[in-house]
Each structure stands twice: as structure tokens, then as C-alpha cells.
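Undergrad: First, the structure itself, so that you have it in front of you.
The values are calculated or read from the model by the stated rules, or taken from the named source; none is laboratory data. If you're wondering where the values come from, they're calculated on a predicted model, not measured in any experiment. Note: ideal-geometry Cβ built from the backbone for every residue, glycine included; neighbour counts use all protein chains shown.
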Amino acid sequence: MRTEARHAGDLRPIADALITATNAFAVEPALGLFTADAVIDDPSTGERFDGQAGVRDYIKRFFVGYRTATRLLSFTRIDEHRARLRVDFTGDFGHEIGLLEIVTDPAGLIVRIDAHLE
């Protein structure tokens, strides 16, 4: 199920929706924020996750599986389609601070996330 299209360049609600969905362990609503060919590159896992199947795997393994709670620490809009989030992660793994660089398409769906731990 896709979420309603968002206004181009309106990145904060997209970031908030992603955090809300993953905090609720709501896999399908989270997937609805991504394009069919989205990529999540997360060197901390040693993996890159491609397409809806990859994004689903990432959310299930690292958010649902570790019962991860994400809290937004800062939001920086880089340009019309890119934003950098500094986030606080807690879960069964402990505690980490991370950076998520989110790239969206003109319709406001996420095409790429580059994730890094501080």
C-alpha cells in the first residue's frame, strides 16, 4: 500500500512518517514511503538493501527484529530532494547515534537512504 503523494521538497513529513512507521514496527506503512527500486546502504550491517524486498528485509531485521526505537535529534534539509537526519537508536542491541541521508523522487517517495553510525 502506498501512502498519499507528498508535496515535492516537503522532506520533514517524510522523515517523520518513516520514524513513526519503524517505531510502530509497521512494515507495510514504512514500505509505502519507498519507491519500488529504492536502496538502503548501511555499512554498519555490511550490506546494501535493494528494492522493496531489500527494504522490507532491512526493516524487519534491524527495526522489528531488534525492537529499535528511533528518536530524531536533528533534521537538515540539503536540497529539494535530500535531507540529513541525526537520530538516536535504542533497542535490543543497546544504543547508537546514527546519520540517515534520505533522497526522494519528485513524488516524495524515498529512493535512497545512506545510513551511518557516529
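Undergrad: List the number of the failed condition for Gly46; all other conditions in (1) at pLDDT 95 or above; (2) under 17 Å from Asp114 (Cα atoms) hold.
TA: (1)
Undergrad: Given Arg56, Arg48, Arg61, which one is over 21 Å from Asp10 (Cβ atoms) and out of contact with any helix residue (DSSP H, G or I) (no Cβ under 9 Å at 6 or more places or on another chain)?
TA: Testing whether each residue is over 21 Å from Asp10 (Cβ atoms) and out of contact with any helix residue (DSSP H, G or I) (no Cβ under 9 Å at 6 or more places or on another chain) leaves just Arg61.
Undergrad: Still on this structure, I have one more. For region 83-99, give me each residue that is over 18 Å from Ala24 (Cα atoms) and touching a helix residue (DSSP H, G or I) at 6+ places or on another chain (Cβ under 8 Å).
TA: Hits for region 83-99 are Ala83, Leu85.
Undergrad: Another one. Pull up region 33-91, narrow it to residues that are free of Cβ contacts under 8 Å to residues at least 40 places away in the same chain and crowded, with 18+ Cβ neighbours inside 10 Å, then point me to the one that is farthest from Leu109 (Cα to Cα).
TA: Top of the filtered list is Phe89.
Undergrad: Take region 72-90 and flag every residue that is farther than 18 Å from Asp10 by Cα and in contact with a Lys or Arg (Cβ under 7 Å, 6 or more places away or on another chain).
TA: Leu73, Val87, Asp88
Undergrad: Out of the strands (runs of 3 or more DSSP E) lying entirely within region 15-118, which hold 1 or more residues that are of a type in the set (Ser, Thr, Tyr)?
TA: In region 15-118, the matching strands (runs of 3 or more DSSP E) lie at 34-42, 69-79, 82-91, 94-104.
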